[in-house]
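The values are calculated or read from the model by the stated rules, or taken from the named source; none is laboratory data. None of the values given here were measured: they were computed from a predicted structure. All Cβ positions, glycine included, derive from the backbone under ideal geometry; neighbour counts span all protein chains shown. These accessible areas exclude ligands, DNA and RNA; they are computed on the full protein's heavy atoms, side chains included. Shrake-Rupley method; radii C 1.70, N 1.55, O 1.52, S 1.80 Å.
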Amino acid sequence: MSAPASIPCGSKSVRGNDNGVDRLSSLSDDLLHHVMSFLPTPEVVRTSLLSPRWRNLWSSVPFIHINNKDFVVKNDVGTACFDNHKLENFVDHLLLLRDGTVSLDEVRVFITTRSSKKSSVWIRHAIKHKVRLLHISGFHHHLILDSTAMFSSLYLKRIRLRYVRLNDWFDKPLNYDWPVLEHLELVCCILDTRRISSSSLKVLHIIDCIIGNDLLIGARKLTHLSVIDPECRRGAIVTWDLSSLVSALISLGSEFHYDDNTEVDHHLLDGLSHATTLELHAPLPE
């Protein structure tokens, strides 16, 4: 994987002070990795051009941050657009060349392709390398994830999915595959699953999601719950077994009922009696 030569290696910021002392490069790998964590991953790779000290540092960082905005090119008419091929090629080579012995603390990827096969490979790599925080966004294309991508992990603690479609494989208790999962955030997703349940989950946010079927939410260790502007196309949302709940935010917009002529037996508030803080927004005639 080639790294464009965009860093001025002769500048004082790289070489150090006037005495030629490179103080930054004298820091430990852990500290340099922390500094690099504030950079987009393409820039992290480019640090390999700075000096021999930096040549292989990028390959052992405990994170991967891929954002579609880092792969913007201009087309023939001068309009900026995302280069999916460039993105895919970069990530493929990144995973191939990084140090496979290093565990991943976090992976954040904005996927601009509809290819579930390609994205599944990337996600499997992240989970295989003990990722703790996984953030995947389909970027307006609802990416279909299944159990071949999201397989079991003893390390995964936080999942954030945006523009992802979850099918019925998500129905089984989440702690079966992810026994230490504590934080789940679903944003602009399509939920064809009928249940979100877990014995380890503590925080659950469901924001601007399409609910395709009856959805049961049950997690006895859950302390914080947000359900914001769901669009219920069929069935109802039911909360159950939330005995540890501390705070809940329920905000129901105009899309809560998909069909105004259909009465849906929602029990969204049934499991919220233990909450000490409850915020409810329901701008509905009833």
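Of all DSSP bridge pairs formed entirely within the chain, close to 5 percent run antiparallel. What residue among Arg165, Arg23, Arg195 has the largest mean-square fluctuation in a Gaussian network model of the chain, using Cα springs under 10 Å? Result: Arg23 has the largest fluctuation of those listed.
If you run the Gaussian network model on the chain, springs between alpha carbon atoms under 10 Å, then out of Ser120, Ser37, Ser28 the most flexible one is Ser28.
Computed from the Cα positions only, the extents of the chain along the three principal axes stand at 74, 47, 34 Å, in decreasing order. Average accessible surface for region 142-285: 47 Å² per residue, computed with a 1.4 Å probe over protein heavy atoms with every protein chain in place.
Taking the helices alone, the chain has a mean residue ellipticity at 222 nm of -4500 deg cm²/dmol, built from -39,500 (n - 2.57) per DSSP H run of at least 4 residues and averaged over all its residues.
The HN-Hα couplings worked out from phi for region 64-71 by the Karplus form 6.51 cos²θ - 1.76 cosθ + 1.60 (θ = phi - 60°) are 9, 10, 10, 10, 4, 5, 7, 10 Hz, whole numbers, x standing for Gly and Pro. The overall shape of region 142-285, judged from the alpha-carbon gyration tensor, is oblate: a/c is not under 1.5, and a/b is no greater than b/c. Note on Val73 and Asp146: their simple-model spin labels are 3.2 nm apart, each label 7 Å out from Cα toward Cβ. Placing +1 on each Lys and Arg Cβ and -1 on each Asp and Glu Cβ, with no other charges, gives the chain a dipole about its Cα centre of roughly 1420 debye.
Using the Cβ-Cβ distance between His93 and Lys157 with R0 = 30 Å, the FRET efficiency computed as 1/(1 + (r/R0)^6) comes to roughly 0.60. The charge dipole of region 142-285, taken about the Cα centre with unit charges on the Cβ atoms of Lys, Arg (+1) and Asp, Glu (-1), comes to about 700 debye, rounded to the nearest 20.
Each Cα pair under 8 Å and six or more residues apart adds its separation to the average, and for the chain the resulting relative contact order is 9 percent. In this simple spin-label approximation, Ser59 and Trp240 carry label points 7 Å from Cα along the Cα→Cβ vector, and these lie 5.2 nm apart. Under 8 Å for C-alpha pairs, at least 6 residues apart: give me the relative contact order for region 142-285, rounded to a whole percent. Value for region 142-285: 16 percent.
Can you give the FRET efficiency to the nearest 0.05 for Ser103 and Cys188, using r as the Cβ-Cβ distance and R₀ = 22 Å? Efficiency, rounded to the nearest 0.05: 0.15.
Note on region 142-285: with neighbouring protein chains present and a 1.4 Å probe, carbon and sulfur make up 50 percent of its accessible heavy-atom surface.
Among 196-205, 93-102, the peptide with the highest mean count of other Cβ atoms within 10 Å heads the list, and the full ranking is 196-205, 93-102. Find how many whole Å separate the alpha carbon centroid of region 160-177 from the alpha carbon centroid of region 17-75. Centre-to-centre distance over Cα atoms comes out at 34 Å. Please find, in a Gaussian network model of the chain (springs between Cα atoms separated by less than 10 Å), the residue of Ser26, Ser59, Ser251 whose mean-square fluctuation is greatest. Residue with maximal mean-square fluctuation among Ser26, Ser59, Ser251: Ser26.
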